[in-house]
Amino acid sequence: MKIYYQNTYTYKFLKLIAHQVKDFLSTLGDIIIYGLEFLKGLKHFNTTPKDIIEQCSRFAVSSLPITLTIVCMTSIIISMQVAEEMVKHGGGNFIGMLMAILTVREEGAIMSGFAIISMIGSSLASEIATMKVTEQIDAISVLKVNPVHYLFTPRIIAGTIMMPFVVILASTLGIIGGAIAANITSELPYKAYFDSVWFGLSLKDLYVCILKSISFGFAITLISCCCGLIAKDGAKGVGIATTKAVVWSFVSIVIIDLIFATAFFY
Amino acid sequence: MGIEVKNLKKSFDNKTIIDDISFKVDDGRILSIVGFSGSGKSTVLKLISGLLEKDSGEIITSGGDVAMVFQYSALFDSLNVFDNISFALQERKDLRNKYTRKELEKIVAEKLELVGLSGIEEKFPSELSGGMQKRVSFARAIVTEPKIILYDEPTAGLDPISSTLIEDYIVRLKNETNAASIVVTHQMSTIRRTSDSVLMLYNGKVVFEGTPDELCLENTDYTKQFVNATIDGPMKMN
Ligand SMILES: Nc1ncnc2c1ncn2[C@@H]1O[C@H](COP(=O)(O)OP(=O)(O)OP(=O)(O)O)[C@@H](O)[C@H]1O
Ligand SMILES: [Mg+2]
């Protein structure tokens, strides 16, 4: 009897893993290559302010309300959970500090990042992927325009500019939301809350927060645009590209967050 | 001198798609490429336009731009007709800033006139019919005065009358620009109306080369099968 090793589960399993690894490495390679190409394109910059503003409005109009809601709600929930316990154990005066550190250092940026990925990142990826599978990207190339320069530049610049604003606004609302929640659930006076906010925060926190959100904005838009550009095979390819953009962006901002936390606060 | 292709080869994942193809198209001439779905016709166009890298062989052109008209028009759906047509003039590194807005408007109007669609500058691609989109994509392709124009199935999916219209525009653009053109098509009518010569591909090789009349008259198994559209014959669908 002859054994066809291709039919064994072990073989299929290993093949699947090999396929995933290959896909991972090629996506990573593409992101690096297109990232460098984007940087090269900044030299002969041709994006008009109008293009950038158009992309910025994507952040401001279509995603800001939801981003703010998500960050604010998260802060309210955390504040509700901890305020009562802390007041009970005499730590009421530190709730503001706790919420400020939590929101400015971590939650504001990371929750905004998640919200932006699910709204902006996915729409960038599907937009560019659709252009790819309908040969619009090929059409750009044939007209001797570099698609990376033309498509990526306004989007990545808009993301890098807008993300800090979104995060700062969201964090501020988050801290205020925390105050309201603490006040309602455990009758903590607003003055006690906001006095302690300043214990926790330093200028460094603000700098790091801005720097981190700039990195998030860059990473999310770059990855989403790349995943769109490497799409193939029709409508299914657009779906795959969008999923890939979301997953890769999620992972990337968590990694960036870890790097920042290690570098600045540890 | 137009375009000359010598011993062109291309494979994808170890599968040879284009296997040693040679042909030549002079300026002001139109060549049709016919063949089965999957025989590599689009691949030939993509190799010539530089969208794909060839494995080996030579593609010699007289210089100048290569324009390509895509199978499904591939208009930029977020831009209006004006921006679509003037795209290369607005975005290409060596052309941007060369024209004023007024000049762009004049050029676009000229090109639209050439494809019989004057006055639709402000419309978006989604507001146009398939045939009109095709013609707008013609106008976009010729905006940089190319020396070579490649058409990928320009009449696919159009009714016979629109097809005839498109065929006439192909001839008209050739006369206007004196470019060397290559038309990939499945339709005998397109070949007859537009082309000076025909190339038939099968399994990555050239199985017929000649004029449209010879295609109909010649009695090889390949041409008979194509002209009569029979399933039995040397070319097998798989
Ligand atoms: N980028 C690619 N990667 C892998 N295989 C490809 C690629 N492009 C084309 N092929 C393969 O090459 C073969 C020829 O494709 P091509 O699009 O040139 O055919 P075609 O003659 O234009 O067909 P149709 O008439 O359907 O448009 C097909 O089998 C296709 O699967
Ligand atoms: Mg094709």
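Filter the chymotrypsin sites (Phe, Trp or Tyr not before Pro) in segment A:1-70 to those in DSSP coil with at most 16 other Cβ atoms within 10 Å of their Cβ, and list the result.
Answer by residue number: A:TYR4, A:PHE45.
Looking only at chain B, where both bridge partners belong to it, what percent of the DSSP beta bridges are antiparallel (to the nearest 5)?
Counting only bridges with both partners in chain B, antiparallel ones make up about 50 percent.
So, counting K/R as plus one and D/E as minus one, what does the shell of residues with Cβ under 15 Å around B:PRO234 add up to?
Local charge sum for B:PRO234: 0.
In segment A:65-106, whose amide N lies under 16 Å from the spot 7 Å out along Cα-to-Cβ of A:ILE184? List them in ranges.
What the label zone holds, given the 16 Å backbone N cut-off, is A:69-84.
With each label point set 7 Å from Cα along the Cα-Cβ vector, what nm distance links A:LYS15 and B:ASP55?
With each label placed 7 Å out from Cα toward Cβ, I get 2.3 nm.
Viscosity 1.002 mPa s, temperature 20 °C: what is the translational diffusion coefficient of segment B:76-146 from Stokes-Einstein with a Kirkwood Rh over Cα pairs, rounded to a whole number of µm²/s?
Roughly 179 µm²/s, to the nearest whole number.
Placing +1 on the Cβ of each Lys and Arg and -1 on the Cβ of each Asp and Glu in chain A, which of A:ILE255, A:ILE161, A:ALA109 has its Cα farthest towards the positive end of the resulting dipole?
So the residue we want is A:ILE255.
To check you understand DSSP bridge types, tell me what percent of the beta bridges within the protein assembly as shown (both residues inside) are antiparallel, rounded to 5.
50
Taking the Cβ of each residue in B:SER11, B:SER137, A:SER123 as the centre, tally the other Cβ atoms inside 10 Å and list the residues starting with the fewest.
Ordered from fewest to most neighbouring Cβ atoms within 10 Å, B:SER11, B:SER137, A:SER123 come out as B:SER11, A:SER123, B:SER137.
As an exercise, use a Förster radius of 35 Å and the Cβ-Cβ distance of B:THR230 and B:VAL171 to find the FRET efficiency, rounded to the nearest 0.05.
0.70
How much net charge surrounds A:PRO154 when only the other residues with a Cβ under 13 Å from the Cβ of A:PRO154 are counted, with Lys and Arg +1 and Asp and Glu -1?
So the environment of A:PRO154 carries a net charge of -1.
First check a/c for segment B:1-79, with a ≥ b ≥ c the square roots of the eigenvalues of its C-alpha gyration tensor; if it is under 1.5, answer rounded, and if not, answer prolate when a/b is larger than b/c or oblate otherwise.
Oblate is the answer for segment B:1-79, as a/c is 1.5 or above yet b/c matches or exceeds a/b.
Using a 10 Å cut-off around each Cβ, can you sort A:LEU25, B:LEU117 from fewest to most neighbouring Cβ atoms?
So the ranking, lowest neighbour count to highest, is A:LEU25, B:LEU117.
Taking only Cα atoms, what is the 0 to 90° angle, nearest 10, from helix B:101-114's long axis to the longest principal axis of chain B?
The angle comes out at about 40 degrees.
Per residue and in cubic angstrom, what volume does the convex hull of the Cα atoms of segment A:2-265 have?
So the per-residue Cα hull volume is 177 Å³.
What nm distance separates the two modelled labels at A:TRP198 and A:LEU39, each placed 7 Å from Cα along Cα→Cβ?
So the label points at A:TRP198 and A:LEU39 sit 4.1 nm apart.
Quantify how much of the Cα-Cα distance distribution of segment A:35-130 extends past 22 Å, in percent.
Cα-Cα pairs of segment A:35-130 separated by over 22 Å account for 51 percent.
Give a quick list of trypsin sites (Lys or Arg not before Pro) in segment A:1-102 that DSSP marks as loop, anything other than H, G, I, E or B, with at most 11 other Cβ atoms within 10 Å.
A:LYS2, A:LYS43
Using only the alpha carbons of chain B, determine the length spanned along each of the three principal axes and report them from longest to shortest in whole angstroms.
56, 38, 32
In the neighborhood of A:THR48, defined by Cβ-to-Cβ distances under 14 Å, what is the net charge if each Lys or Arg adds +1 and each Asp or Glu adds -1?
The answer is 0.
Give me the angle, in degrees from 0 to 90, between the Cα long axis of helix B:130-141 and the longest principal axis of the Cα atoms of chain B, rounded to the nearest 10.
80
At what distance in angstrom do the alpha carbon centres of segment B:168-232 and segment B:50-64 lie from each other?
Here the answer is 22 Å between Cα centres.
Sorted from fewest to most neighbouring beta carbons within 10 Å, what does the list A:THR103, B:THR16, B:THR223 look like?
B:THR16, B:THR223, A:THR103
Scan chain B and hand back the longest stretch that contains none of the GluC sites (Glu not before Pro) lying in DSSP loops with at most 13 other Cβ atoms within 10 Å.
Counting at most 13 other Cβ atoms within 10 Å as exposed, the longest clean stretch of chain B is B:123-238.
Here, each number is a calculation from the coordinates, and none is a lab measurement. Since the structure is predicted, the reported quantities are computational estimates derived from the model, not experimental observations. Positions of Cβ are backbone-derived with ideal geometry, glycine not excepted, and every protein chain shown enters the neighbour counts.
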